[in-house]
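Have a look at the structure below before the remarks.
The values are calculated or read from the model by the stated rules, or taken from the named source; none is laboratory data. Quick caveat, the model's predicted, so the values are computed rather than measured. Glycine gets a Cβ as well: all are built from the backbone with ideal geometry, and neighbour counts include every protein chain shown. These area figures cover heavy atoms from the full protein model, side chains too; ligands, DNA and RNA do not enter into them. Shrake-Rupley method; radii C 1.70, N 1.55, O 1.52, S 1.80 Å.
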Amino acid sequence: VPEGMTTQQASRKAMVMCVSDFAAKSVKPIVALVALGLPRGLGEREVRDLARGLDEGCREYGLYIIGGDTNEAKDLIISPTLYGSCRREEIILRSGARLGDILAVSGTFGKTSAAFKILREGLEAPEAIRRGILTSIYRPEARLRFGLELKRYGVTSSIDSSDGLAWSLHELSRASH
C-alpha cells in the first residue's frame, strides 16, 4: 500500500486487480471470497473504509462477496478470491499465441512505474500529469467489458500485463512455445 493510499482505495484496488486477471482470460467474475488480515489497533473507521472499498470494487464490476475469513495479522492483508463463469472453449489462455499473430494492448505502459517513481523518490511533476499518473495506482480500472469481447475478435492468447510489457511477452512466448 503506497504512502497516501487510503484503506478504501487499497481494498478496492485488491478487488480490481483480481477482476483484471479475469478480464484477460475473458471470464466474467460472479462472486468473491475475501480473506482479511487486520492489524491490532486498526480503527473502526479504517475497517468501514476497507468494507466500502471492497463493495465499490464489486459494484463496479457486478460481483458479490459471499464470504471469506478475517484474522489478526501484523500487516494489513486484503486477499480476494474470485469465481466466475465462461464456456470452456471461450477462455483465453496464455498458451494460444502462434507465429504471425498480431500483438495488441489495451492500455498505456509505464504509467504505474512512473507513479511509483514519483511517490518513492518524491519527484516533482505538473499537477495534471501527476494526478493522471497516480490514478494508475490509487484508482486502477479493469477492462472487463473489453476482456469479455476478446474471443469474439479472434484473440488467441492473453495476459494481464500489469507486471510490464517485457515480462508479459516473455510469459506469452514461454507458454505458447
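When the alpha-carbon atoms of region 115-171 are used, the pair Rg, Dmax equals 15.3, 44 angstrom.
Please list K25, K117 from largest to smallest accessible area, probe radius 1.4 Å, with all protein chains kept in place.
K117, K25
When both region 1-40 and region 49-105 are represented by their alpha-carbon centers, they are found 7 Å apart. Pairs of lysines in the chain whose Cα atoms sit within less than 20 Å of one another amount to 6, provided the residues are eight or more positions apart or on different chains. Of the listed residues R139, R45, R88, R130, the order by accessible area with a 1.4 Å probe, largest first, is R88, R45, R139, R130.
With a Förster radius of 25 Å, plug the Cβ-Cβ distance of M17 and L99 into 1/(1 + (r/R0)^6) and report the FRET value to the nearest 0.05. Computed FRET efficiency for M17 and L99: 0.20. Solvent-accessible surface of protein heavy atoms, probed at 1.4 angstrom with all chains present, puts V105, V1 in the order V1, V105, largest first. Stretching the chain fully between F109 and L165 yields a gain of 19.4 nm (0.36 nm per residue, less the alpha carbon separation). An oblate overall shape is assigned to region 31-72, the ratio a/c of its alpha-carbon gyration tensor axes (a ≥ b ≥ c) being 1.5 or greater and a/b not exceeding b/c. Please give the residues of region 1-37, grouped as numeric ranges, whose backbone N is less than 19 Å from a label point set 7 Å along the Cα-to-Cβ vector of T70. Flagged as within label range: 7-15, 32-37. Based on the Stokes-Einstein relation at 37 °C and a viscosity of 0.692 mPa s, and on the Kirkwood radius from alpha carbon pairs, the chain is assigned a translational diffusion coefficient of 185 µm²/s. Where the accessible area of the chain is counted over protein heavy atoms with a 1.4 Å probe, how much of it, in %, is carbon and sulfur? Here it works out to 53 percent. For region 9-153, the per residue solvent-accessible surface stands at 65 Å², with DNA, RNA and ligands left out and a 1.4 Å probe.
Screening the chain for DSSP H helices whose Cα atoms reach 18 Å or more along their own axis and whose mean Kyte hydropathy is at least 0.0 gives 7-24.
With each label modelled as a point 7 angstrom along the Cα→C-beta vector, the I77-R174 pair spans 2.5 nm. The slack in the chain from F146 to R48, taken as 0.36 nm per residue of separation less the alpha-carbon distance, amounts to 32.1 nm.
To the nearest 20 debye, what charge dipole does region 53-177 have about its Cα centre, counting +1 at the Cβ of each Lys and Arg and -1 at the Cβ of each Asp and Glu?
420
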